[in-house]
Amino acid sequence: MNAEERLKQRELISALADGQLSELEIARTVRVTSVDDDARDCWHTYHLVGDLLRSGELGAFGRDRDFVARLSIRLQAESDTPRLVKGGPKFPDSMAMGDPQALGSGPERLVFAPAANERNFRWKLVAGFASLAAVAAISWSVGGLLPVARDGVGLARSGTGPSGEPVRLADASTGVPAAQVMIRDRRLDELMAAHRQFGGNSALQNPSGFLRNATFEGATR
Amino acid sequence: MKTVEFFPPLALVLCLASSLQTVSAQTPGKAITAAPQVAPSATQRSVAEWLMRLHEAPRKRAYMGTLVVSSDAGSLSSARVWHVCDGEQQMERVETLTGPPRSTFRRNDEVITFLPETKVARSERRESLGPFPNFLKTGEYAIAEFYGIRLIGSERVAGFDADVVQFVPKDKLRFGYRIWSEKKTGLVVKLQTLDASGHVLEQAAFSELQLDAPVKIDQLAQMMSRTEGYRLEKPEMVKTTSAAEGWLMRNPVSGFRPMNCFKRPAPEGPGQGQQSLQWVFSDGLATVSLFLETYDRQRHVKEGAMAEGATQMLTRRLPDKENGAWWLTAVGEVPLQTLQAFAQGLERRR
């Protein structure tokens, strides 16, 4: 297999690892990989690269162990002096220079070191409190925007009832026990209509009450 | 002295005079120079006078317009309205613009509703729309006992100047009403129902209105009688009394007097229920209907409360040692606590 074909094979394997191949191509690539040792090595390497890219902790592989050990010592030293150091955590200069030895061999190798204050529990607490405070502040402001909950009855807006009318909880004034939400059904619609038709003994019935009932009923039917 | 030199002091005197006049006009308690915005007579009308004015207004002029009813839950319905009065006969036509089409015609207390989609026409006679409201005669003192009146000012609605009048409830058992009454005729152009905190639960307002519209009474009468192709339904509402049905209001709710009691026929279809009783109460402005039927475990599953605009609804199971339980559905344009008071005040005789 010449270099060009090998490159093409590697590209295919990379695509397979990324899930970018069609069914036919997947079948072909898998067949090739199961036969060819080199292709299989390539497959394993790509997976490892992917894992390392995604997680900085899976660094202990072969030649990188030394680097990780050096890094840990450095980080330990950092955590003992919790004040912010100008320029941030110091990585070995060899890494900055792009020295393959420091980074380990293989294509595109980046190690994401854990945060400088990872080991410091105090900062974790602070971060926890800060997120709690943020959540509380947001829910407080959101709670203020919602309609006022009246005594004993929860917030309304249970969405649209079966007949399409928005249904809300009736409000209960002080001292009255909470009432449960009712589901609108045909029977309730009928009774509502009956009330509007025959229960209109009001000085306001003519004409406003009658007109209002005649208009309103249209929406509930 | 030259004429010119007279001007500044003259101008000053004139300014002082005019400012004095406006100050005196704004001072309250001066009957002669009335408050600028409102006509003197409007402030002095009582509750009964206002209600009579609102009731009589439709007799004066024919009108047509678009009425929009909106609730605080966000629902909106509108309808096209025609109204004409010919001596003693009042006719109205309401065409809904929202939801399934529906035409309602009224001639005094006779109402017929056409449902084009199901080809059903429902005809009924409504006492509440009688020629002269009895409760205004006998009960008007009662309305003033439970509602105070307050003139807020004036506002323009649908192109007409209107007086804004508020009926303020004197207790927590009822809602308040804010009414915009057209200045010349007294016609209600906008009506809001308010709860105890002044929050608007419902509003019915004309978005456009034309007074003295060319509405012909015989044309409406003709449309009203056109029932061909429609299945005519006449719901049988048998009038009865609560006593005859075995119900008593042991603890009546303050201000609400029983008005009517009807036996409602069982709704069509299997398993839909049986005959029920509708007991209607009113305090003059607000009405409550108590629907009573025998308790059915399968249909009457859950007690609860609901609201649609200003109308509140409550269901409750009423236990009865002798006859088995009853199921109450209380509906009314009153606060929920009032419906609960009704439920608690009901008692079964015998």
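Across peptide B:67-75, the average count of Cβ atoms from other chains found within 10 Å of a residue's Cβ is 5. Packing, taken as the mean count of other beta carbons within 10 Å per residue, orders the peptides B:319-327, B:339-347 from highest to lowest as B:339-347, B:319-327. Going by a ≥ b ≥ c, the root eigenvalues of the Cα gyration tensor, does the stretch B:171-226 fall in the rounded group (a/c under 1.5), the prolate group (a/b larger than b/c) or the oblate group? Prolate is the answer for the stretch B:171-226, as a/c is 1.5 or above and a/b outweighs b/c. With θ taken as phi - 60° and the Karplus curve 6.51 cos²θ - 1.76 cosθ + 1.60 applied, the whole-hertz 3J(HN,Hα) list for the stretch B:186-201 is x, 4, 6, 9, 7, 9, 10, 9, 10, 8, 4, 8, x, 6, 7, 7 Hz, x standing for glycine and proline.
For the stretch B:305-350, what's the relative contact order in percent, using C-alpha pairs closer than 8 Å and at least 6 residues apart?
After rounding, I find 33 percent.
In this structure the stretch B:199-350 gives 47 Å² per residue of accessible area when probed at 1.4 Å with all protein chains present.
Annotation: amide H of B:Thr240 within the under-5 Å range of B:Cys261, B:Phe262, B:Lys263, sequence separation 5 or more or interchain, hydrogens built in the peptide plane.
For the stretch B:226-346, the relative contact order comes to 21 percent (Cα pairs under 8 Å, sequence separation of at least 6). For B:Ala325, the residues 5 or more places off, or on other chains, whose built amide H falls under 5 Å of its own are B:Tyr295, B:Asp320.
Heavy-atom accessible area buried between chains A and B is around 5900 Å² (1.4 Å probe, both sides summed). Solvent-accessible area assigned to carbon and sulfur over the stretch B:136-255 amounts to 48 percent, based on a 1.4 Å probe.
Peptide B:284-291 is shielded by partner chain Cβ atoms: per residue, an average of 6 of them sit within 10 Å of its Cβ. The distance separating the Cα centre of the stretch B:61-119 from that of the stretch B:168-237 comes to 8 Å.
Using only side-chain charges placed at the Cβ, +1 for Lys and Arg and -1 for Asp and Glu, the dipole size of the stretch B:83-222 relative to its Cα centre rounds to 220 debye. Within the accessible area of the stretch B:282-350, the carbon and sulfur atoms contribute 43%, probe 1.4 Å, all protein chains present.
The values are calculated or read from the model by the stated rules, or taken from the named source; none is laboratory data. What you see is a predicted model, and the numbers here were worked out from it, not measured in a lab. Cβ sites come from the backbone with ideal geometry, for glycine too, and all protein chains shown count toward neighbours. Only protein heavy atoms, including side chains, enter the accessible area calculation; ligands, DNA and RNA are left aside. Shrake-Rupley method; radii C 1.70, N 1.55, O 1.52, S 1.80 Å.
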